[in-house]
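The values are calculated or read from the model by the stated rules, or taken from the named source; none is laboratory data. Please read these numbers as outputs of a predicted model, since none were measured by experiment. So basically every Cβ, Gly included, is an ideal-geometry build from the backbone, and we count neighbours across all protein chains shown.
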Amino acid sequence: MEYSPSSSTSPIIIEKCQVCGFEGHGYHFGAFTCRACAAFFRRCHLAATTEHRKCRNKYSTCVPNRNGKWFCKKCRFDRCNKLGMSSANIQYDRDIFKIAIQPGSLAESEVKMKIRKDRVQSPAVSRFVFMNAVPWADAKLGKITLQMNDTRPEDALLIQIVHTIDEEETLPYIDTSELVEKAISTILTPNVVHSSKRMSDLEKLTKGFVEFQTSQKQEMSEISSLSSTDYMKDFERSMCGSANWLACSDRIQSFDDELKVELLKSVWWIWGRLERMSMTAKMRAEGSCGKKQFLFSPDGFVDYDRMSPEMSCWSKRKFEEMKFFFVPREIFYDDVIWSIIETDPDDMELTFIVCCICFQVAGKHFGGQIQEKLEKFQDVLSNDLHEYYMKNNKRMYLLRLKKLMKIQEQFLKLRNSRLEKYEVAGVFKMFGASFSHPEFFCFTP
């Protein structure tokens, strides 16, 4: 347990996760852990293959790195078991001091000390309800009893939306622990099938991009109101899809683990938007999608004139008040979609554009050595594209390349305009979504 400085006289107590050593969030399955480690234990406990896992270094002595990340599932699960974690030890006094403290209530340090004191007791003062729990509330005493359900359908979302009882005043808390853990695991330990044919990095990334888009359906239904579930599904599809896509590249796999995770953080959301934009352009060109329609998911589209996003997870304001920030043609980059249709890039060229946009955004943000590495990687991809043109007898490709670069510049210019709007929203506190891993939601498309 350590103490961090505070502007108040009372120090804020921060108790560490007993599994990874980073900041814990509450008692889960009998041990004080963070949400990510709790979610990991839950999945391992229910998995049939847990007993057959092997240590990555064969000695069963793995420990988390300085960022609290475990790269050996067996040793991490063994650590959980040594701490006495059990699915029978479900505690309900967890995760409350991130979202339950309201202005005028107890100071944060006092609340945390109370939690430590009563941590094995039933949560009489807990003010939030989990989506997978059945609540019985005593209005007079303000008490809540939760009956948790550890079983869930296979197609259930990895993201959990935690609603407060006073929903009129407080926005939901969005727990992305399981999604983030799955995405990180994917990029660090990918299931890559090696081809006998020698392929360049650009060819492999193109193959991964095309395979990801095979889930697109020809028959789609219109999404008239984008619900929180639609957004969460899009987050899951984009984050996991980008992790798989990045893992296709041998050069990216040669990066150290920390750089891989940072790269994932910075590109997944933009990559997901670009993937949907490219599919929309393809379907419009084929006549399978209207001029004012955007393919939001593989089985659903939105119409610019009829769509109405649900705001319950993002803001307490009504959609009519937020229209300035939700102009469909802007958020879905409609001008760029038409440029893609006009240029008509093939799969290799399209993947090259996606790479240039994603890695330029990431490199510019991080700067220094990371930017240098990503610039070198973009040089490799440029050489791969050159070889591709030469192989296909497209020697006079300079004009073609200029058109591709114009799409990149157009996207980045429009994105900068979007970011200026987000800054205005921040000044006036128009949005207030609370994520368990906000660092994964900083690079908006």
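Looking only at region 298-343, count how many residues are of a type outside the set (S, T, N, Q) and assigned to a loop (DSSP other than H, G, I, E, B).
As a first pass, look at region 298-343 and keep what is of a type outside the set (S, T, N, Q): 298-307, 309-311, 313-314, 316-338, 340-342.
Those left that are additionally assigned to a loop (DSSP other than H, G, I, E, B): 298-299, 304-307, 309-311, 313-314, 316-318, 326-327, 332-333.
Counting residues in region 298-343 that are of a type outside the set (S, T, N, Q) and assigned to a loop (DSSP other than H, G, I, E, B) gives 18.
Among what's in region 70-92 and is touching a strand residue (DSSP E or B) at 6+ places or on another chain (Cβ under 6 Å) and modelled with pLDDT under 85, pick the residue that is surrounded by the most Cβ atoms within 10 Å (Cβ to Cβ). In this case the residue turns out to be Tyr92. In a residue-by-residue description of region 178-197, the property of being of a type in the set (Ser, Thr, Tyr), closer than 23 Å to Phe235 by Cβ, modelled with pLDDT of 90 or more and under 17 Å from the mean Cα position of the chain (by Cα) applies to at least one position.
Does Glu439 satisfy the criteria of being under 30 Å from Asn67 (Cα atoms) and under 22 Å from the mean Cα position of the chain (by Cα)?
Yes; evaluated as a whole, the condition is true for this residue.
Among the residues in region 15-23, are any basic (Lys, Arg), at pLDDT 85 or above and outside any loop (DSSP other than H, G, I, E, B)? Spell out the reasoning first.
Keep residues of region 15-23 that are basic (Lys, Arg), which gives 16.
Subset that is at pLDDT 85 or above: 16.
Next cut, outside any loop (DSSP other than H, G, I, E, B) only: 16.
Looking through region 15-23, at least one residue is basic (Lys, Arg), at pLDDT 85 or above and outside any loop (DSSP other than H, G, I, E, B).
Of note, Ile407 does not satisfy the criterion of being crowded, with 17+ Cβ neighbours inside 10 Å and touching a Leu at 6+ places or on another chain (Cβ under 7 Å). Restricting attention to region 273-324, which residues are under 19 Å from Phe411 (Cα atoms), out of contact with any Leu (no Cβ under 8 Å at 6 or more places or on another chain) and hydrophobic (A, V, I, L, M, F, W, C)? Matches in region 273-324: Leu274, Met277, Ala281, Phe294, Leu295.
Condition first: assigned to a loop (DSSP other than H, G, I, E, B) and closer than 25 Å to Leu179 by Cα. Can you find one or more residues in region 271-294 that meet it? No, region 271-294 contains no residue that is assigned to a loop (DSSP other than H, G, I, E, B) and closer than 25 Å to Leu179 by Cα. Screening the candidates Glu387, Glu372, Glu349 for the property of being assigned by TED's automatic domain parsing to the domain that holds Trp269, on the phi < 0 side of the Ramachandran plot, more than 28 Å from the chain's Cα centre (by Cα) and assigned to a helix (DSSP H, G or I) yields one hit, Glu387.
Just for region 198-218: of the residues that are more than 16 Å from Glu275 (Cβ to Cβ) and touching a residue at least 60 places away in the same chain (Cβ under 8 Å), which one is surrounded by the fewest Cβ atoms within 10 Å (Cβ to Cβ)? Checking each candidate, the answer is Gln218.
Among the candidates Phe440, Phe431, the residue that is crowded, with 16+ Cβ neighbours inside 10 Å and assigned to a helix (DSSP H, G or I) is uniquely Phe440.
Scanning region 266-312 for residues being over 24 Å from Ser242 (Cα atoms) and touching a residue at least 60 places away in the same chain (Cβ under 8 Å) gives a total of 8. Do we have any residue at all in region 399-417 that's over 21 Å from the mean Cα position of the chain (by Cα), over 30 Å from Phe326 (Cβ atoms) and small (Gly, Ala, Ser)? No, the conditions are met nowhere in region 399-417.
Say we look at region 322-351 and pick out the residues that are over 22 Å from Glu286 (Cα atoms) and in contact (Cβ under 8 Å) with a residue 24 or more places away in the chain; which of these is surrounded by the most Cβ atoms within 10 Å (Cβ to Cβ)? Before the answer, list the steps.
Taking region 322-351 and keeping what is over 22 Å from Glu286 (Cα atoms), we get 322-327, 330-331.
Still in the running and in contact (Cβ under 8 Å) with a residue 24 or more places away in the chain: 322, 324-325, 330-331.
On the way: Met322: 16, Phe324: 11, Phe325: 19, Glu330: 16, Ile331: 17.
So, considering only residues that are over 22 Å from Glu286 (Cα atoms) and in contact (Cβ under 8 Å) with a residue 24 or more places away in the chain, the one surrounded by the most Cβ atoms within 10 Å (Cβ to Cβ) is Phe325.
Conditions (1) touching a Leu at 6+ places or on another chain (Cβ under 8 Å); (2) closer than 23 Å to Leu158 by Cα, marked per residue:
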position: Arg198; (1), (2): no, no
position: Lys204; (1), (2): no, no
position: Phe209; (1), (2): yes, yes
position: Phe212; (1), (2): no, yes
position: Ser215; (1), (2): no, yes
position: Glu219; (1), (2): no, no
position: Ser227; (1), (2): no, yes
position: Met232; (1), (2): yes, yes
position: Glu236; (1), (2): yes, yes
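Scanning region 219-265 for residues that are polar (S, T, N, Q), closer than 26 Å to Ser434 by Cα and in a loop (DSSP other than H, G, I, E, B) gives Ser224, Ser225, Ser227.
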